[in-house]
Amino acid sequence: MFKNYLTIAWRNLKKSKLFSFINIAGLATGLACFLLITLYVMDELSFDRFYKHADRIYRINANIRFGGADLNFPLSSDMMGQVLKKDYPQVEEFVRIYNSNGNKLVRKGNDFINEMNVCHADSSIFRVFDLPVISGDTRFALSEPNTVVITEKIALKYFGTTDAVGKIVETNDNTKTLYKVTAVIKDLPTNAHFNFDFYFSMKNVNYNWGIFLSHNFHTYLLLKEGVDYKVFEKKFSEYIDRYIFPEAKQFMQIKSMDDFRKSGNKIEYDLIPLTKIHLYSSRQYEFLPGGNIQYVYIFSAVALFILLIACINFMNLTTARSAKRAKEVGIRKVLGTDKKDLVTLFLVECTLMMLLSMFLAFGIAYLVLPMFNELADKNMTLHSLFSPVMLPFLICLPFLIGILAGIYPAFFLSSFKPIDVLKGKIKPSNRRFSLRSILVVFQFATSIILIIGTIVIYRQLHFIQNKNIGFNKSQVIIVNDTYALKNNLNAFKNDILKMQAVKMATVSSYLPVNSNRNDNSFSNSQVMDAKNGFDMQTWAVDYDYIPTLGMEIIKGRNFSRDFGTDSNAVIINETTAKTLGFDDPIGKNIYGTYNTSGNVRVPYKIIGVVRNFNFESLKQNVGTLGLFLGMSDGLVSFKINTGNIPELVQSIEQKWKQMAPGMPFSYRFLDDAFNEMYKTEQRIGKIILIFSILAIIIACLGLFGLSIFIAEQRTKEIGIRKVLGSSVSGIVGLLSFDFIRLVVISFCIASPIAWYFMQQWLQDFANRIDISWWIFLLAAVLAIFIAMVTVSFQAIRAALANPVKSLRTE
């Protein structure tokens, strides 16, 4: 019997080729989108879950407010981990990871290679994170200075073998250092929130500051079995009273931490589970750009909606074909087929179509996945879908969707009375709000939400890229790692300045994009207390920093070689001036310990106020900043004026090779570095745009199919209207009106939903656009236009048909 059902179902699919093509194409496209988004969501949710003790590892976060500035770091002091392990038995182990520079120059042969994925770590890293070992003993691998653990990839790159234990790695960070390889570990998976290639011993870092108020280390705790981390977090208040408060008293006049808090300040710590860092933490100084749980929710919803749109197409088209299947149902009932068998027949037909669509969807996903990986910056494979968790779901999916999508058409078609059918009394439903209409409204409401969301995302990204950010990011080329030039740095800068295409240059490691950051505490009087103290970014710059980057001095002056006292001067931004509360800050002093040791308060005279510029992501408000005259030799930025960029870069590289032989030449453009900060949003915007277009195409396929069947059902009506003098445009309008009405209803439903969710998304940005009314109008016009184009093709074809032929149609 079942074989007979399959045979009949296959014949029906072959008989209605257009119907089958529209349905299978829509379903396959929807399923392919669903599979790709499922891979993306699975990858995002899988971060750091491969560690043996992943459920017991937590990172310490610091939440500090001082002088009105909020500092939310994934960092703690060098002392905190060891103190917590000593004082609290709940802590089984801790590890610190330090990567202040983020890169090292490593020798290979006669040349040095700039390695970006480097860190210093405690030897306990291998007890907290079970990094898989290829060779060596990780129990003591980093316990001595001048030792390093490398990954399999690096061992092959530098030594041609994974048997590299005992070999020497030479680095050049201002001074030459030799490290002995003590272990080789496997390359970490890409779904890790840190992915280093070199793990240098922490004992090579000058970290013995012993200052509890200094935050420079990523510290991870391995809690013992059964410890509730939320309960353990309450211990941090004891830690603050025991260690932070005595140290804070040395730097400022406070009687208690309560007084400190009453002044609007705070020092708090919390723990974030290792498995949540990627999606729930986007703090400054993260090792790698993280994801966002909101995007996981958004993509999950998009995947579900696209699948629903495809299923709705199937239901609509199947019920629309009811008139063509009515006589078949009537004859089968007369011949003795009961309703149960008819329902089974139609469900088998639906499931067969779903299985064909699923096989086609896997083919589409396989072909598209490389492009999707490049767009999403992932390394996903379809093999992930065949995991023990996902495989049963994928096997059941076509049967589940086939039954759910086919249950209504099956019962609808099998409910026809044979006498009425054979007498031709079965007519399509003309109710204004049939189930079919409701489903079309759902399809287009979803499509309109995606259209509005895409427009808002792209407008926000355009706003970010074109906002007046307080400095000129165009035509600035940055040469990286210029500390490798050593004594030739100034000569290199001056030689490049002689080139006609170069206008100005500045030497500084601090730039208003992803670069070095340095926080210090200051006050507006020699004695710091909880009310007059504030935290400020302190950047070492040279005389040409402000003009080279196109910043604007709005009060006072820039640093000048004519004033020898500028070595103890500071230029502040508008936010700092507002924080200080001075009517005119020029000539006033601020006090800090910048470039000094101990807690002696050193005065710095304010000589200028620079207009606020965004030195962090536009997701944050502009914070307090002070520019100090000093040497920071990591980067040289050149303001250029040329259209022949390749020739200029080649000339700069030639000069570099003359002055730093064997050292890698690396450069970037300031505007590219700026855009890099919003790479995630740009990537998400492109992905949503693509899936929005696909969702609209799938909805249009269904609309196109419906228009074909409705035109067929109204063949005689159209013929009569033409005989009575109706124009082609009138008939097209008649056939299109119902669809346009449904699109308008969809728009009314979709608009408030889209507005709410996009307002929530924009809350992540301190600098954001307003959602203008014209965005909704544009979405409505696009939706109506898309619907009109889809429906009009068949409507015009029906209107141009010969009325005589139409009236003869049975």
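Looking across region 545-581 at every residue that is surrounded by fewer than 16 Cβ atoms within 10 Å (Cβ to Cβ) and among the hydrophobic types (A, V, I, L, M, F, W, C), the one that is modelled with the lowest pLDDT is identified as PHE563. Of the residues in region 293-301, none is closer than 30 Å to LYS249 by Cα and either modelled with pLDDT of 85 or more or surrounded by 16 or more Cβ atoms within 10 Å (Cβ to Cβ) (or both). Counting the residues of region 245-284 that are at pLDDT 85 or above and under 30 Å from ILE687 (Cβ atoms) gives 10.
Residue-wise test of (1) part of a strand (DSSP E or B); (2) hydrophobic (A, V, I, L, M, F, W, C); (3) at pLDDT below 85.
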{"position": "THR596", "(1), (2), (3)": "no, no, yes"}
{"position": "VAL600", "(1), (2), (3)": "no, yes, yes"}
{"position": "LYS605", "(1), (2), (3)": "yes, no, no"}
{"position": "GLY608", "(1), (2), (3)": "yes, no, no"}
{"position": "PHE628", "(1), (2), (3)": "yes, yes, no"}
{"position": "GLY643", "(1), (2), (3)": "no, no, yes"}
{"position": "PRO646", "(1), (2), (3)": "no, no, no"}
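Would you confirm, using the coordinates I've provided, whether PHE260 is assigned to a helix (DSSP H, G or I), surrounded by 14 or more Cβ atoms within 10 Å (Cβ to Cβ) and among the aromatic types (Phe, Trp, Tyr)? For PHE260, the condition - assigned to a helix (DSSP H, G or I), surrounded by 14 or more Cβ atoms within 10 Å (Cβ to Cβ) and among the aromatic types (Phe, Trp, Tyr) - is met. Of all the listed residues (THR175, THR190), the sole one being within 25 Å of ILE57 (Cα to Cα) and open to solvent by 40 Å² or more (accessible area, probe 1.4 Å) is THR190. Put simply, of SER123, SER201, SER143 the only residue that is loosely packed, with under 15 Cβ neighbours inside 10 Å and either polar (S, T, N, Q) or in contact with a helix residue (DSSP H, G or I) (Cβ under 6 Å, 6 or more places away or on another chain) (or both) is SER143. Among the residues examined, ILE720 qualifies as open to solvent by 60 Å² or more (accessible area, probe 1.4 Å), part of a helix (DSSP H, G or I), aliphatic (A, V, I, L, M) and modelled with pLDDT under 80.
Taking the conditions (1) outside any loop (DSSP other than H, G, I, E, B); (2) surrounded by fewer than 20 Cβ atoms within 10 Å (Cβ to Cβ) in turn, HIS218 satisfies each one other than (2).
Taken across region 32-51, residues that are under 27 Å from THR381 (Cα atoms), part of a helix (DSSP H, G or I), out of contact with any Asp or Glu (no Cβ under 6 Å at 6 or more places or on another chain) and acidic (Asp, Glu) do occur, with at least one present. Of all residues in region 351-410, those satisfying the criterion of being modelled with pLDDT of 80 or more, open to solvent by 70 Å² or more (accessible area, probe 1.4 Å), of a type outside the set (A, V, I, L, M, F, W, C) and part of a helix (DSSP H, G or I) are TYR366, PRO370, GLU374, HIS383.
The criterion of being hydroxyl-bearing (Ser, Thr, Tyr) and in a strand (DSSP E or B) holds for THR538. Suppose we keep only residues that are touching a Ser or Thr at 6+ places or on another chain (Cβ under 8 Å) and within 30 Å of LEU782 (Cβ to Cβ) within region 453-490. Which one would you say is surrounded by the most Cβ atoms within 10 Å (Cβ to Cβ)? Among those that are touching a Ser or Thr at 6+ places or on another chain (Cβ under 8 Å) and within 30 Å of LEU782 (Cβ to Cβ), it is GLY453. Of all residues in region 342-392, those being touching a residue at least 40 places away in the same chain (Cβ under 8 Å), farther than 24 Å from GLY26 by Cα and of a type outside the set (A, V, I, L, M, F, W, C) number 4. Of all residues assigned to region 55-64, at least one qualifies as being part of a strand (DSSP E or B), hydrophobic (A, V, I, L, M, F, W, C), at pLDDT below 90 and in contact with a strand residue (DSSP E or B) (Cβ under 7 Å, 6 or more places away or on another chain). In the set ILE696, ILE652, only one residue is part of a helix (DSSP H, G or I) and under 26 Å from the mean Cα position of the chain (by Cα); that residue is ILE696.
Let's see how each residue does on (1) out of contact with any Ser or Thr (no Cβ under 9 Å at 6 or more places or on another chain); (2) surrounded by 19 or more Cβ atoms within 10 Å (Cβ to Cβ); (3) not polar (S, T, N, Q):
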{"position": "LEU627", "(1), (2), (3)": "no, yes, yes"}
{"position": "VAL636", "(1), (2), (3)": "no, yes, yes"}
{"position": "ILE640", "(1), (2), (3)": "yes, yes, yes"}
{"position": "VAL649", "(1), (2), (3)": "yes, no, yes"}
{"position": "ILE652", "(1), (2), (3)": "yes, yes, yes"}
{"position": "LYS657", "(1), (2), (3)": "yes, no, yes"}
{"position": "ILE684", "(1), (2), (3)": "yes, yes, yes"}
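Could you check region 660-682 and list, in sequence order, the residues that are in contact (Cβ under 8 Å) with a residue 60 or more places away in the chain, among the acidic types (Asp, Glu) and surrounded by fewer than 16 Cβ atoms within 10 Å (Cβ to Cβ)? Matches in region 660-682: ASP671, GLU676. Checking the structure you have, find out if any residue of region 234-242 is hydrophobic (A, V, I, L, M, F, W, C), open to solvent by less than 80 Å² (accessible area, probe 1.4 Å) and under 26 Å from PRO273 (Cβ atoms). Yes - at least one qualifying residue is present in region 234-242.
Does TYR591 fit the bill of being open to solvent by 30 Å² or more (accessible area, probe 1.4 Å), of a type in the set (Ser, Thr, Tyr) and closer than 16 Å to LEU511 by Cα? The answer is no for TYR591. Residues that are touching a residue at least 24 places away in the same chain (Cβ under 8 Å), open to solvent by 30 Å² or more (accessible area, probe 1.4 Å) and either part of a loop (DSSP other than H, G, I, E, B) or more than 30 Å from THR579 (Cα to Cα) (or both) occur at least once in region 266-279.
When each of LYS503, LYS493 is tested for being open to solvent by 10 Å² or more (accessible area, probe 1.4 Å), over 21 Å from GLY662 (Cα atoms) and not in a loop (DSSP other than H, G, I, E, B), the lone residue that passes is LYS503.
The values are calculated or read from the model by the stated rules, or taken from the named source; none is laboratory data. This one's a predicted model, so the numbers in the text were calculated from it and none came from an experiment. As a convention, Cβ positions derive from the backbone with ideal geometry for all residues, glycine included, and neighbour counts pool all protein chains shown. We work out accessible area using only protein heavy atoms, side chains counted, and drop any ligands, DNA or RNA first. Shrake-Rupley method; radii C 1.70, N 1.55, O 1.52, S 1.80 Å.
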